[in-house]
Every structure is written in structure tokens, then in C-alpha cells.
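The values are calculated or read from the model by the stated rules, or taken from the named source; none is laboratory data. Just so you know, these numbers come straight off a predicted model, no measurement behind them. Neighbour counts run over all protein chains shown; Cβ positions are idealised from the backbone, glycine included. These accessible areas exclude ligands, DNA and RNA; they are computed on the full protein's heavy atoms, side chains included. Shrake-Rupley method; radii C 1.70, N 1.55, O 1.52, S 1.80 Å.
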Amino acid sequence: MPVKGRFAPSPSGRMHLGNLFSFLLAWLSARRQGGSIVLRIEDLDPVRCQPAFAWQLMEDLEWLGLTWDEGGESAFSWQSARSPLYAAAFEKLTAQGLTYPCFCSRIQRLNEAPHIHEISPSCPCALLPPETAEEKSREKTPSHRVRVPHKVISFTDKLQGKCTQDLWTGCGDFPIKRADGAWAYQLAVVVDDAAMGVTEVVRGRDLLSSTPRQLWLYEALGLNAPEFYHVPLLLAPDGRRLAKRAADLDMGILRQRYTPEALVGILAFLAGQQPSPESISAAGLAKIFDWDKVPREDIPVSSFLLS
Ligand code: GLU
């Protein structure tokens with residue numbers, strides 16, 4: 001089967017070095033295997049996401065030589081335009097009795113940081129009789145959660161190795177639709193990767209704990225799951241991970257300081273592909289890219305790069 005990778009950025013700010021690192025690895029992996037790349041804009045959250053960031057992101061990827069074969073400009077590759085697909089998946093889960101309305105307000109906050117673990121295994125709203133839930137819905141629009149079974153999910157991440165999570169204790173019933181109508185990342189990512197025929201997902205290690213939930217959704221929706229590579233995060237010298245919020249080494253700064261080849265050279269060095277940060281083009285690197293050399297642990301970026 002031909003390999004199809006993807007870029008799935010959330011346009012909530014300018015890309016930083018850490019975002020670039022995982023996009024580069026996704027691109028190299030697909031290209032090394034003669035595969036294609038789809039670019040999907042994950043703009044589910046209307047408050048945090050702005051189209052201008054998405055256009056800038058595409059321009060930044062092109063500047064670096066990270067080309068894509070599908071998606072990007074076409075409206076249907078923006079999650080904000082794909083609601084009917086998420087609604088159909090939601091209906092499919094509901095028909096199996098797997099969703100329920102949730103009236104807790106905490107959910108909004110959790111959804112704003114979709115990668116945070118759920119703390120409690122389930123929500124008290126799971127036990128509400130349907131009539132009570134309906135009555136409450138008249139006063140307050142609920143969000144919706146999906147009911148997870150007592151089930152242990154095991155899978156082999158192609159970089160991190162064997163991973164196991166008990167859905168019940170490890171994540172609990174999780175949100176799939178917000179009270180304001182926005183679809184949750186966990187549902188949308190599964191629906192989209194399956195609909196777009198993605199065969200390999202390369203993304204940051206911070207999303208590793210989301211993968212069992214997503215694998216279970218694939219199963220519940222009768223969809224084929226891709227393979228996963230969860231790549232290390234880049235860390236600032238003080239140990240925190242690089243973040244858009246902190247405007248860490250964003251593309252604006254990086255483009256002033258480096259040529260595309262110099263920047264790819266630095267990333268290739270951090271990814272263990274070459275012994276020093278020598279300049280190299282993305283296309284040149286694709287010819288020699290080797291997953292076996294990519295570190296598994298998070299990578300400290302030395303201060304000379306950040307200064
Ligand atoms: N849109 C997510 C982000 O930018 C990535 C989701 C994924 O790769 O599954 O953090």
C-alpha cells in the first residue's frame with residue numbers, strides 16, 4: 001500500500017522549531033518511502049485558530065521545501081469545513097449507545113488543552129437517566145462525551161515501542177463535542193486520518209497518551225488505523241518544551257537568521273541524521289533519512305540556537 005503521511009497543524013500561532021521538527025520527520029518518512037503527504041488544517045477551535053496563521057504556515061512550509069500533494073488550500077481540508085463528517089461519526093457512536101450529554105463546566109477547559117489527560121475515569125453525567133438529561137438540556141446546552149469500556153489498548157509505536165493504556169483508568173470517558181458545538185480533536189483526527197487515507201502519523205510525543213483513545217475510536221467506528229511514530233519534543237535549556245505561546249524560535253525569527261538549508265541542517269542534526277548541523281536541503285536529506293537514528297527521548301536545544 002502506498003505510504004501517505006500528513007501535516008496536521010493547528011493554526012493558533014506561527015510555527016516554532018519544535019513544530020518544524022515533527023513536520024520535517026513526517027515529510028522525510030513519507031518521501032523516503034516514495035509516499036505522499038496531505039496537509040490538513042486543524043482549525044476546530046474558532047477562538048484560538050485564525051486563517052492568517054494557516055496561510056503563513058503553508059508559506060513557511062514551502063520556504064523550507066516541505067511540499068505536500070493534497071489538501072492545504074482546498075477548503076475541504078480545513079477541519080472547520082468538515083463538520084458533516086464528524087456529525088456522521090458522532091451519530092454512529094450514539095447509535096451504539098456510546099455517547100452521553102455532559103453538563104459539567106470543566107469540559108470546556110479540558111478541550112482548550114486537548115492533550116491533557118482526563119483526571120477522573122468517568123463523569124457523573126454518565127449515570128443520568130435520559131429523562132433527567134433531557135430536562136437539564138432545556139436549561140443548559142450540554143457537551144458530549146464518549147463512554148469508554150473497561151479495555152486495555154496495546155499498540156506498537158514505530159519509534160517509542162510497545163505502549164499500553166487501560167482506557168477506563170488511564171483516560172475515562174472523554175469529550176467529543178463541546179457545548180458550543182465545536183468538535184473535539186480526538187474525534188476529528190480519527191475521522192480525518194481515515195477519510196484522507198493516511199497510513200502513517202508522525203507527531204510529537206505529547207500526543208502519545210491520546211493514541212489509545214484514538215485507536216479505540218477507530219475500532220468503534222469500523223475504520224482502519226494508521227501506524228504511529230511519536231517523535232521527541234524539543235526542549236529549551238531550562239527543560240520546558242518549546243511552545244507557540246512563548247513565541248519560542250518561531251518561523252519569523254528563524255527565517256531572518258537562517259537559509260532553508262541551514263535550518264534543515266540544524267533539524268537533521270537534532271534528529272540524529274548527521275554528526276554536525278551542516279546545511280542540507282530537505283530533498284537531499286530525504287535520500288538518506290533513517291528512522292533508526294532518530295532519538296526517542298526529548299531533545300534539549302542548546303542555548304546558542306535559542307539566543
Ligand atoms: N493539530 C495538532 C497540533 O498542532 C496535531 C494533531 C496530530 O498530529 O494528531 O498539535
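Just give me the residues in region 67-111 being in contact (Cβ under 8 Å) with a residue 12 or more places away in the chain and closer than 30 Å to Val264 by Cα, in sequence order.
Thr67, Trp68, Asp69, Glu70, Gly71, Gly72, Glu73, Ser77, Trp78, Gln79
Does region 275-297 hold any residues that are open to solvent by less than 50 Å² (accessible area, probe 1.4 Å) and either of a type in the set (A, V, I, L, M, F, W, C) or in a helix (DSSP H, G or I) (or both), and which are they?
Ile280, Ala282, Gly284, Leu285, Ala286, Phe289, Trp291, Val294
Test each condition in (1) closer than 21 Å to Leu66 by Cβ; (2) of a type outside the set (Val, Ile, Thr); (3) crowded, with 17+ Cβ neighbours inside 10 Å for Leu187 and report the one that comes out false.
The failed condition is (1).
Quick check on this structure: which one of Pro237, Pro212, Pro226, Pro175 is within 23 Å of Asn19 (Cβ to Cβ) and more than 12 Å from the ligand (Cβ to nearest atom)?
Pro237
Looking only at region 120-162, count how many residues are of a type in the set (Gly, Ala, Ser) and outside any helix (DSSP H, G or I).
Of the residues in that region, 5 qualify.
For Gly272, state whether it is under 27 Å from Asp292 (Cβ atoms), without any contact (Cβ under 8 Å) to a residue 40 or more places away in the chain and surrounded by fewer than 21 Cβ atoms within 10 Å (Cβ to Cβ).
yes
For Asp173, state whether it is over 19 Å from the mean Cα position of the chain (by Cα) and crowded, with 22+ Cβ neighbours inside 10 Å.
Criteria met by Asp173.
Counting only residues that are out of contact with any Pro (no Cβ under 8 Å at 6 or more places or on another chain) and not in a loop (DSSP other than H, G, I, E, B), which one in region 298-307 is farthest from Asp60 (Cα to Cα)?
That would be Phe304.
Within region 36-66, which residues are open to solvent by 10 Å² or more (accessible area, probe 1.4 Å), closer than 23 Å to Thr199 by Cα and in contact (Cβ under 8 Å) with a residue 40 or more places away in the chain?
Glu42, Leu44, Gly65
Are there helices (runs of 4 or more DSSP H) fully within region 1-100 with at least 2 residues that are within 12 Å of the ligand (Cβ to nearest atom)? List them.
17-32, 51-64
Please tell me if Val152 is within 15 Å of the ligand (Cβ to nearest atom), closer than 14 Å to Pro212 by Cα and at pLDDT 90 or above.
No, not satisfied.
Is it true that some residue in region 212-225 is of a type in the set (D, E, K, R), touching a strand residue (DSSP E or B) at 6+ places or on another chain (Cβ under 9 Å), in contact (Cβ under 8 Å) with a residue 24 or more places away in the chain and open to solvent by less than 10 Å² (accessible area, probe 1.4 Å)?
Scanning region 212-225, I find at least one residue that is of a type in the set (D, E, K, R), touching a strand residue (DSSP E or B) at 6+ places or on another chain (Cβ under 9 Å), in contact (Cβ under 8 Å) with a residue 24 or more places away in the chain and open to solvent by less than 10 Å² (accessible area, probe 1.4 Å), so the answer is yes.
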